[in-house]
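Trainee: Have a look at this one before I ask anything.
The values are calculated or read from the model by the stated rules, or taken from the named source; none is laboratory data. Treat the numbers as computed from the prediction; the structure is a model and nothing was measured. FYI the Cβ positions are ideal-geometry reconstructions off the backbone, even for glycines, and counts take in every protein chain you see.
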Amino acid sequence: MSIFNNAALLIGVPLLFAFSIPLFGLISKQLTKWVTLFVIGFNATFSLYILLAHKYPAVVVMGNWVPPFGENLYIGPVAAFLVSVISIIGLLIAIYNLWAIKLGDVTRFSVLFLMFTAGASGIVLTGDIFNLFIFMEITGISSYALAAYGPRRRALGGAFKFLVVSSIGSTLYLLGVTLIYTQLGTLNIAEIAARINQTTPGLLTFAGILLISGLAVEAELFPFNGWVPDTYTGAVSGVSASLSGIAAISGVYALFRIAMTVLGRDGAYVFTYGKLDLMTVIAILATTTVIIGELSALSQKNVKKMLAYSSMAQMGLVAVGFSIGSKLGVYGGIFQLVNHSIAKSMLFLIIGVLAAAGLGEKVENFRGLWRRSPFLSLAFTIGAFSMLGFPLFAGFWSKFAIVGASIQRGGWYDFVIGLVLFASIVEAFYYLRIVTYIFSSTEVKAPKIKVSLSPAIPIFVLAVAIIAIGVYPNFIGNFSMQSAGEFTHKMTGYVLNVIPTIVAH
Amino acid sequence: MNSNLIWLVALPLIGSAVAAIVVRYKFLDRLITFLTFATTLFVLFSVHVGQSYSWGLNFLGTTLNLTLNVSHLSIFMLYISIAFGTVLTFYSLIDHSRMKGFLLLLILAANNWIFMSNDMVGFFFAWELMGWASVVSVLGGREREKSRHAALYYMIMSVSGSYSMFFGIFTLWRLTGTFSISANIAYLSSIVGIHPWWVLGIVSLFFVTFMIKAGIFPFHTWVPLAYAYSPDAFTPFLSAVMSKYGIYGMLLFMPLSLMERGFPSAFGGVPWTNYIFVWIGVITAVLGTVLAIFQDDVKKLFAYSSLSNLGYVVAAIALFTPVGITAGIFHAFNHLLFKGTLFITLLAVISRSGTSKLSEMGGLWKKMPITFFTFFVGIASAAGIPPFNGFGSKWLIYQAMIKQHLPFATILLFLASTGAFMYLFKAFHSIFLGQLSHDYDRVKEVSAVGKITEFFLMFAMTFFGVQPGYILKPIGAIVKSMGLKPLPVMANGYVTGMFSNIYVPLISWSLAVSFTLGFILFFVSAKHKYVSQENNYTAGQIPEDWGLTPETYQFSWNFYQPVEKLFAPFFRIKIDGFFRGTGDWTKTIGSAIKEIFVGNAQMYAFFAIVGLIIFVIAGWMA
Amino acid sequence: MQEFLQNWIYLIASVSLIGVGLYIVLTKENIFKIIVGLNIIESGTNLFMVAIGWHPNAVMPIYTATDHLVANGKVIAADPLPQSLVLTAIVIGLGTTALALTIGIKIFEKYGTLDVRKIKEAEE
Amino acid sequence: MKNETPELFKKIFALSVIAVLIVGFFLAFTEMPKGWGVNVNGRVSRLYVLKNVRTATKSLDSGKFFAKGVKPLRTDVAYTPIEFKKTANLEDGAANVVTSIVVDYRGFDTLGEVTVLFLAVSGVMMLLFGKRKKERKKKTEPSLIMYVGTRIAFSVILLFGIYIFVHGHLTPGGGFPGGAVIASGILGLFLGRRGYSPNHMGLKAFESLSGIAFVIIGLIGFFSVHSFLANFLPTGIIGDLYSAGFIALIYIAVGMKVGSELAAVVDTMITDTEEEWS
């Protein structure tokens, strides 16, 4: 067990500044956005340092009580990688917010956004099953509030739906945690993971179902994802971007940390302990999600809502990748997760810029966008092509890996991936409908759309990142591969790094 | 390690990036495109058969070797595609079409990669790259809304095809553990005797893709749309080069011969899988011809003509005999040359007349004589008239069919060939002959660059028509590399057949003499006088007075109405309807499913709880 | 009977509370009632968590002058960990409720109703 | 499943669904250890009660703690008797074991919990942000008894709240209940006087500073003991007021924070605001 306590600053510094932002707000409201920016920037730099200087795997001991007695953060490849991604996307959205968030209570918005990002990082970092719940609530509460922000009344409806479904989800999760605690008397993920087969199978199955159901809310799996379309549509675009770019990462991470590390049984393909194989259950859910998401998006006229449905479907695809349980599948899943975050948050930011320029959210409004703003049109096209998995764009490699892993596993996964590919054709249709609208029609004599610097930077960076990953996938691919190893080999990848002397029973 | 191969892919990609940067400066964009094509062609001179290059991609935890490999087939395809692209981009230097150079260069990179790739990952990557780049290219057509629909339609077909291939690639990978194309083909041929149906299934997954890309029945429906509504400068490339990817894929991925070991023969020593395929080719040829006859849009007409020609190619290579393969590849080359030429001349005509409707053109030969002659050579070639290049390949195709004792297929192909005369004459006549409309008084001939290109193309068509040996020799090498006995090529002037050899120059000279006689007679005979279009039908009356429009009196209006009536019953069967129906059906289901998200917090809570309950029950049952 | 009660009473109560809360959330149309339902679910969960750390003869987990938490080397106190979790969960529930109520207030301001069905109609 | 679903059907369906869920729970419970079986002897919390985590850590490091076949696993930890008001310098000096878990052993949870509350309050304030209207919603003037009573009660309530969070490590209670008690006193002030408005700036600063104080206490541990939220003070004798290291400090910060936060929420919710989005 190597200890790297400095990484506690990844949580500590955002917390310190979150508490002090109201004080900054007394000086100037606009200053608070910069504070958020710098703090998330610090997180991004620090997590990139951890990732690139290869400080992982390491344990962060909280309160000087070593795991499993106290709480700890675990920085494995997954955490190092995903925290970097979360922080960088958070940083870019914070840059966008400098421009987008000018009205209302800017101070509180900054606090909430900062803690939203930090909470999502916390979900990924934490090594304690109850602490995970706390971070879920931190992310959750800040996202309910963020989703309700804005002049549109739809935002409130969306936020309320999110709140209700998510509260039920977290209750279920808490019940599951409690049931696990009755069996093993501990809350540490590593210890639970090592001793999971000491539980009674019936109770474990029930607890597992509760945990998975609770986490599926954030991971946007059907039927727990009813909140997705309304919340994404109602929220302001910056918030939709962070929901799909940041919350989705942490949601999927939490789901599969529980399903694979805590409940899982290692092997060429990961299954779970208990009477019912929960990985299979997740695979069924994920496939249903993909199909329902894509088909719902097909006849959608509102682009933002369409992107919301597409988010849902993409999360399903990610979950399909994870649920295969092989290293290749998890690799594809993580890679796709990151690619989706990059592309989808960019698309939402573009929608935000267009909305500010007075362009509506209907598909028809995109007609002739190319004439009005080549930059946004190209960025949108890049994002859409990445979602569709076209070569030279990031999405190609991850989709490739997921399909490859499914077919490698064979059996009923052939059927799953057939359905997923059919859904992808549907997806291709509705994304390309927008792209063709963008490049069609010359007769619009509308004025050019001016994109100011602050939203242009994140959109540009994300678009370049998509192409960079598409052309040179190795960089992200290597980290995804290491991360996949952590998921599929729970003893060597996780448990023994946290508690070296533990014996698997 | 032959690093010149990587440049064939890298150079167009770099060129594409540069062209994308200067996309606002149109001439610079075209110049870079042309220069990149020319440089790539230059690099190609240093490439020879047997070279290979591979680079490791750290993928899926292991090193994935992306391999480029130059075979006889690939170098042949590379030469013809890049050379044609160079000619086209040279021609486009002065053209004011909406084609974006960087997309064409992306397609070129994909083109080179597809033809050289020896691993399925690279093949698929390039295939998809080519797919989306061509779709975006199609978007820029003249009629925006129509080209938008065409692009969408094309994309959906293309993506469906890609996913089918996707499935096939990974199924093979699961079975063999390697992505290498040659290793997988070897594996397939080793198990075809044991599990013929498995092999057929896997091969079909690939074949759907290739059939879609080549526009073979029943996946031909996107072809007329995409060809007709793509930018005029892009259509030549789409028709001449891009339709050949499907043919290349068929030749590469499908050693149809291996079916012999798995499936019984149907007729004439052809296994029934191949036999079906021959018929698919024949149907495509006939269908394309029949539909081409009735088109009023000239680009649609030639789109159907392309379809028909690819039907010939498929029918020939499906036989998998030495003659068949030779004929197929030869015809593919010929089609590339003459159809490319025809679309280039159409580009000239359409860019000057501003329309692609046959019923709005006419008499343009006086204004554009060189283009007229080029077009004439092109259609003569397409019709298979001897001094020009279409003749030899058609001749070989008939021979191959007869050799395998497939009389009905041969007869249908003959009929299709006759039909080809009809639509070619219709196009020729409607565009260039007849009276010149006053709208076109100011039409000018193409620029000097265009003239050079047209002369060059005329020369090429005549040259390869008279000296087919220059093509038949490399094709012979390809046939040999497939493990078949190549046809002997006696001299450059001979087309060698199974029954007889033809000395093309002889036929050419005799035909030339008769043509010259005809022309002399034409000019010597009675004087002719030029009248305006309406004059000769309405006797000077203005048709509006009778409540009619002038178009109906244009000579190419309802040109083949009697024939159309003959075929009318068959037009009711619409393959297109099936695809559109599937699409509509999916949309309906989509709207129904959308209703799940009712927008009520309680219902969402309900879903979650019901989902939970289903799990709990499943947990009990387990 | 006594044994049954000792074993089950709190579990029954907690699960019943969860059931009641769920019923309210699933059937009542008023937003405030839904929030109350969520609160009841939370109470049920909290009771459940306390209940699993409890046993009939346990002493409270606080060292005082009279209570001994350890007898014969065995801890006889109620399990303090679930209690501390409940402390946390209560505060989180409080936060969620406050936010939900606020959203409810805003919804009433903007839609003029608290009926979820009418809100849905108004959105369309 | 649309809105047209008849009410009765919906209710019956909900009932049946919930019934299945409850039955599921009970079937799960039958596999749970019950009654005397529910004890802490096999659990991590036993170590907390015994205040013996350091010893357990040593046996963990030597590989004995998770030795194969040992079940329940926590019995191999030595037991040193703890006597109230006598035993000194325990690893965690709080007499209230729940408090020692909440603040010390699992202090990170509490930090998160404080954050959740803070975020919820921030959310409430963000959503109800706008131009404050002068007029309160409440129409009637409270009676004189109310007015005087709440003001007298406020000081008592405040004192009681402070007592609760200062004695968090000795008796049931702590920062959260203490803060809530203080906030209820402030609520009383609202009820007792119509025009009452607390000092917003002061509340805001108080809230922020107490939150910062919590994190800084954590950071002091980070810099002195090199572990975030580690106890850096001597733990004293169990049962003394000045014992249990930094628990009291943290609870004071938490109490002040919660008190000011809840007061701010009450204030925000009582005040009518008008949105400004232009």
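Trainee: Any residue in the range D:150-161 that is under 24 Å from residue D:231 (Cα atoms) and not in a loop (DSSP other than H, G, I, E, B)?
Mentor: no
Trainee: If you don't mind, another one. Across the range A:194-231, what is the total count of residues that are under 23 Å from the mean Cα position of the chain (by Cα) and either more than 14 Å from chain B (Cβ to nearest Cβ) or more than 19 Å from residue A:286 (Cβ to Cβ) (or both)?
Mentor: Total meeting the criteria: 2.
Trainee: Then there's this: Collect the residues in the range A:361-386 that are more than 26 Å from the chain's Cα centre (by Cα), part of a helix (DSSP H, G or I) and among the polar types (S, T, N, Q), keeping them in residue-number order.
Mentor: The answer is A:365, and nothing else.
Trainee: Here's something else I'd like to know. Conditions: (1) more than 8 Å from chain A (Cβ to nearest Cβ); (2) modelled with pLDDT of 80 or more. Residue D:81 meets all but one. Number of the miss?
Mentor: (2)
Trainee: Would you check if there is a residue in the range C:50-68 being in a helix (DSSP H, G or I) and more than 9 Å from chain D (Cβ to nearest Cβ)?
Mentor: yes
Trainee: Further question: Could you go through the range D:142-153 and let me know if any residue there is surrounded by 18 or more Cβ atoms within 10 Å (Cβ to Cβ), within 28 Å of the chain's Cα centre (by Cα) and under 28 Å from residue C:92 (Cα atoms). So that I can check it myself, show each step before the final result.
Mentor: Start the filter on the range D:142-153 by keeping residues that are surrounded by 18 or more Cβ atoms within 10 Å (Cβ to Cβ), which leaves D:150.
Then drop every residue that is not within 28 Å of the chain's Cα centre (by Cα), which leaves D:150.
Add one more test, that the residue is under 28 Å from residue C:92 (Cα atoms), and what stays is none.
Looking through the range D:142-153, none of the residues is surrounded by 18 or more Cβ atoms within 10 Å (Cβ to Cβ), within 28 Å of the chain's Cα centre (by Cα) and under 28 Å from residue C:92 (Cα atoms).
Trainee: Taking only pairs six or more apart or across chains, which ones have beta-carbon atoms under 8 Å, a first residue in the range B:24-44 that is over 28 Å from residue B:75 (Cβ atoms), and a second residue that is assigned to a helix (DSSP H, G or I) and of a type outside the set (Gly, Ala, Ser)?
Mentor: From residues that are over 28 Å from residue B:75 (Cβ atoms), the pairs are B:29/B:102.
Trainee: Filter the range D:225-252 for residues that are small (Gly, Ala, Ser) and more than 10 Å from chain A (Cβ to nearest Cβ) and give the result.
Mentor: Start the filter on the range D:225-252 by keeping residues that are small (Gly, Ala, Ser), which leaves D:227, D:230, D:236, D:239, D:243-245, D:248.
Across the range D:225-252, the qualifying residues are D:236, D:239, D:243, D:244, D:245, D:248.
Residue by residue, here is whether (1) at pLDDT 80 or above; (2) in a loop (DSSP other than H, G, I, E, B); (3) in contact with a Cys (Cβ under 7 Å, 6 or more places away or on another chain); (4) assigned by TED's automatic domain parsing to the domain that holds residue B:345 holds:
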position: B:436; (1), (2), (3), (4): no, yes, no, yes
position: B:446; (1), (2), (3), (4): no, yes, no, yes
position: B:456; (1), (2), (3), (4): yes, no, no, yes
position: B:470; (1), (2), (3), (4): yes, no, no, yes
position: B:487; (1), (2), (3), (4): no, yes, no, no
position: B:505; (1), (2), (3), (4): no, no, no, no
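Trainee: Within the range A:65-75, does at least one residue satisfy the condition of being more than 14 Å from chain D (Cβ to nearest Cβ) and of a type in the set (S, T, N, Q)?
Mentor: Among the residues of the range A:65-75, not one is more than 14 Å from chain D (Cβ to nearest Cβ) and of a type in the set (S, T, N, Q), which makes the answer no.
Trainee: Conditions first: (1) farther than 24 Å from residue A:211 by Cα; (2) facing another protein chain (nearest Cβ under 7 Å); (3) in contact with a Ser or Thr (Cβ under 8 Å, 6 or more places away or on another chain). Residue C:122 passes all but one, so which condition is the exception?
Mentor: (2)
Trainee: Still on this structure, I have one more. Only one of A:155, A:145, A:80 is surrounded by 24 or more Cβ atoms within 10 Å (Cβ to Cβ), closer than 29 Å to residue D:102 by Cβ and either in contact (Cβ under 8 Å) with a residue 12 or more places away in the chain or under 20 Å from the mean Cα position of the chain (by Cα) (or both). Can you tell me which?
Mentor: A:145
Trainee: Listed residues B:209, B:171, B:178; which is of a type outside the set (Lys, Arg) and not in a helix (DSSP H, G or I)?
Mentor: Selected residue: B:178, the only one of B:209, B:171, B:178 that is of a type outside the set (Lys, Arg) and not in a helix (DSSP H, G or I).
Trainee: Turning to a different aspect of this structure: List the number of the failed condition for residue A:411; all other conditions in (1) touching a helix residue (DSSP H, G or I) at 6+ places or on another chain (Cβ under 9 Å); (2) on the phi > 0 side of the Ramachandran plot; (3) more than 10 Å from chain B (Cβ to nearest Cβ) hold.
Mentor: (1)
Trainee: Here is a check on your reading of the model: is residue B:49 in contact with an Asp or Glu (Cβ under 6 Å, 6 or more places away or on another chain), modelled with pLDDT under 85 and either of a type in the set (Gly, Ala, Ser) or surrounded by fewer than 21 Cβ atoms within 10 Å (Cβ to Cβ) (or both)?
Mentor: no
Trainee: Just checking, does the range B:408-424 include any residue being in a loop (DSSP other than H, G, I, E, B) and out of contact with any Pro (no Cβ under 7 Å at 6 or more places or on another chain)? Step through it out loud before you land on a result.
Mentor: The first filter runs over the range B:408-424 and keeps only residues in a loop (DSSP other than H, G, I, E, B), leaving none.
Within the range B:408-424 (the criterion being in a loop (DSSP other than H, G, I, E, B) and out of contact with any Pro (no Cβ under 7 Å at 6 or more places or on another chain)), the answer is no, since none of the residues qualifies.
Conditions tested, residue by residue: (1) touching a residue at least 12 places away in the same chain (Cβ under 8 Å); (2) over 30 Å from residue B:14 (Cα atoms); (3) touching a Phe, Trp or Tyr at 6+ places or on another chain (Cβ under 9 Å); (4) not hydroxyl-bearing (Ser, Thr, Tyr).
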position	(1), (2), (3), (4)
A:309	yes, yes, yes, no
A:319	yes, yes, yes, yes
A:327	yes, yes, yes, yes
A:339	yes, no, yes, yes
A:364	yes, yes, yes, yes
A:411	no, yes, no, yes
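Trainee: What about residue A:451, is it within 26 Å of residue A:357 (Cα to Cα), out of contact with any Cys (no Cβ under 6 Å at 6 or more places or on another chain) and assigned to a loop (DSSP other than H, G, I, E, B)?
Mentor: Numbers: within 26 Å of residue A:357 (Cα to Cα): yes; out of contact with any Cys (no Cβ under 6 Å at 6 or more places or on another chain): yes; assigned to a loop (DSSP other than H, G, I, E, B): yes.
Criteria met by residue A:451.
Trainee: Residue C:114 fails exactly one of the following numbered conditions: (1) touching a strand residue (DSSP E or B) at 6+ places or on another chain (Cβ under 9 Å); (2) under 23 Å from residue D:121 (Cα atoms); (3) within 8 Å of chain D (Cβ to nearest Cβ). What is the number of that condition?
Mentor: Evaluating residue C:114 over (1) touching a strand residue (DSSP E or B) at 6+ places or on another chain (Cβ under 9 Å); (2) under 23 Å from residue D:121 (Cα atoms); (3) within 8 Å of chain D (Cβ to nearest Cβ) leaves (3) as the failure.
Trainee: When the residues of the range C:73-124 are filtered to those that are in a helix (DSSP H, G or I) and among the basic types (Lys, Arg), which remaining residue is farthest from residue C:47 (Cα to Cα)? Spell out how you get there, then give the answer.
Mentor: So in the range C:73-124, the residues in a helix (DSSP H, G or I) come out as C:80-111, C:116-123.
Then keep just the ones that are among the basic types (Lys, Arg); that gives C:106, C:110, C:117-118, C:120.
Numbers: C:106: 31, C:110: 36, C:117: 32, C:118: 35, C:120: 34 Å.
Here the residue is C:110.
Trainee: Looking at the range A:437-447, can you tell me whether even one residue there is of a type in the set (A, V, I, L, M, F, W, C), farther than 17 Å from residue B:131 by Cβ, assigned to a helix (DSSP H, G or I) and within 25 Å of the chain's Cα centre (by Cα)? First the steps, then the outcome.
Mentor: Here is the first cut: in the range A:437-447, the ones of a type in the set (A, V, I, L, M, F, W, C) are A:438-439, A:444, A:446.
Pick out the ones that are also farther than 17 Å from residue B:131 by Cβ and you get A:438, A:444, A:446.
The next check asks that each one be assigned to a helix (DSSP H, G or I); those that pass are A:438.
Remaining after also requiring within 25 Å of the chain's Cα centre (by Cα): none.
No - not one qualifying residue is present in the range A:437-447.
Trainee: Look at the range C:75-93 and say how many of its residues are at pLDDT 85 or above and facing chain D (nearest Cβ under 7 Å).
Mentor: At the first step, the residues of the range C:75-93 found to be at pLDDT 85 or above are C:80-93.
Remaining after also requiring facing chain D (nearest Cβ under 7 Å): C:80-81, C:83-84, C:87-88, C:91-92.
Final tally of qualifying residues: 8.
Trainee: Scan A:221, A:215 and give me the residue that is under 30 Å from residue A:352 (Cβ atoms), outside any helix (DSSP H, G or I) and in contact with a helix residue (DSSP H, G or I) (Cβ under 7 Å, 6 or more places away or on another chain).
Mentor: A:221
Trainee: Take the residues in the range A:256-292 that are outside any loop (DSSP other than H, G, I, E, B) and at the interface with chain B (Cβ under 9 Å from one of its Cβ atoms); name whichever of them is nearest to the chain's Cα centre (by Cα).
Mentor: Among them, the one singled out is A:285.
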